[in-house]
Amino acid sequence: MAGSLVLASASPFRRMLLENAGIRFQARAAEIDEREIEHQVEEQHSSPEEVALILAEAKARNVGEAFPEDIIIGSDQTMSLGQRVYHKPRAMAEARDHLVSLSGHTHQLNSAIVLTLGRDILWKHVSSARMTVRKLDAGFIERHLERVGPKALSSVGAYQLEGEGIQLFERIEGDYFTILGLPMLPLLAKLRDLRVIDA
């Protein structure tokens, strides 16, 4: 199948994963209002997995307008506890509330990929990881947030698994790539199937 690969994301982690895998691509950040889309789909009672797919498709279609001949990789991730979908905390008090609500519970990271070419959707996929946070006392949460500082505001769960955030967890079920927001193994399999990369 003809066409270059374009990653519809500004995420340094997603770019790193593709680069480390030896994939040739270019990256372009999508210009969409994620919160507005999330608000609309939540009113329709969409599942957290469906929200991730809808956002990934919106990103792919937005960037695809500038690259109609290329295959676009749209990706997004939602974090959910039951039917509650979390958003990035806007302040440290909100980060604290996130950690309090996650304490002692298992939440889910839902990582979606949508491949598009022109107006066509070539493939959709969602992988999920189950993340069990140990029971955290209020003092630990305060000390943890003091140590990590504003980094807590850069992720939906108010934690960075690759940093001190690992101390929050009791158990993790799922692969590293899904946790970072780009399920690489199913993506690479599909790109081989489409003959975009060497089989």
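The values are calculated or read from the model by the stated rules, or taken from the named source; none is laboratory data. What you are looking at is a predicted structure, and each value in this text was computed from that prediction instead of being measured. Counting neighbours? That spans all protein chains shown, and the Cβs are built from the backbone with ideal geometry, glycine included. The area values use the complete protein model at the heavy-atom level, side chains included, leaving out ligands, DNA and RNA. Shrake-Rupley method; radii C 1.70, N 1.55, O 1.52, S 1.80 Å.
Apply the a/c threshold of 1.5 to the C-alpha gyration tensor of the stretch 138-179 and tell me whether it is rounded, prolate or oblate. Walk me through the numbers on the way to the answer.
Working: a/c = 2.68, a/b = 1.57, b/c = 1.70.
Verdict is oblate for the stretch 138-179.
Residue-wise, which Karplus ³J(HN,Hα) couplings in Hz belong to the stretch 130-136, taking 6.51 cos²θ - 1.76 cosθ + 1.60, θ = phi - 60°, and x for glycine or proline?
The phi angles translate into 9, 10, 9, 8, 5, 5, 10 Hz.
Can you tell me which of Leu180, Leu161, Leu109 moves the most in a GNM of the chain? Springs connect C-alpha atoms under 10 Å apart.
Of the options given, Leu161 has the highest mean-square fluctuation.
Can you compute the FRET efficiency between Asp198 and Phe13 using 1/(1 + (r/R0)^6), with r the Cβ-Cβ distance and R0 = 22 Å? Round to the nearest 0.05. Display every interim value, and only then the final one.
Numbers: r = 24 Å, r/R0 = 1.09.
E(calc), rounded to 0.05, equals 0.35.
Can you tell which of Ala52, Ala158, Ala189 shows the greatest fluctuation in a Gaussian network model of the chain with Cα springs below 10 Å?
Ala189
Can you give me the % of accessible surface on the chain that is carbon or sulfur? Probe 1.4 Å, all protein chains present, nothing else counted. Show your work: numbers first, answer last.
Working: 4910 of 10200 Å².
That fraction is 48 percent.
Determine the gain in length on full extension of the stretch Phe169-Arg147; use 0.36 nm per residue of separation and subtract their C-alpha separation, reporting nm with one decimal. Could the numbers behind the result be given before it?
Details: separation 22, 0.36 × 22 = 7.92 nm, distance 1.69 nm.
6.2 nm is the gain from fully extending Phe169 to Arg147.
State to the nearest 20 debye the size of the charge dipole of the chain about its Cα centre, where the only charges are +1 on K and R beta carbons and -1 on D and E beta carbons. Mind showing how you got there, number by number?
Working: 23 positive and 28 negative charges, 91 e Å.
It works out to roughly 440 debye.
Compute the Cα gyration tensor for the stretch 97-161, then decide on rounded, prolate or oblate, letting a ≥ b ≥ c be the square roots of its eigenvalues: rounded whenever a/c is under 1.5, prolate when a/b is larger than b/c in the other cases, and oblate in all that remain.
Numbers: a/c = 4.86, a/b = 2.31, b/c = 2.10.
Since a/c reaches 1.5 and a/b is larger than b/c, the shape of the stretch 97-161 is classed as prolate.
Compare Gly139, Gly64, Gly149 in a GNM of the chain, Cα atoms joined below 10 Å, and give the one with the largest fluctuation.
Of Gly139, Gly64, Gly149, the Gaussian network model singles out Gly139 as fluctuating most.
To test your reading of the geometry: what angle, between 0 and 90 degrees and rounded to tens, separates the Cα axis of helix 138-148 from the longest principal axis of the chain?
Relative to the chain, helix 138-148 is tipped by roughly 50 degrees.
To check my understanding: the extent here is largest minus smallest coordinate of the Cα atoms along each principal axis. What are those three numbers for the stretch 41-103, in Å, largest first?
Reported extents, whole Å, longest axis first: 47, 25, 18.
Can you work out the accessible area per residue across the stretch 1-157, with the rest of the protein chains kept in place, probe 1.4 Å, in square angstrom?
50
Scan [x] 17.2, 53; [y] 20.9, 74; [z] 17.4, 56 for the value of Rg and Dmax of the Cα atoms in Å calculated from this model and give just the label.
Step by step, Rg and Dmax of the Cα atoms in Å for this structure corresponds to label [z].
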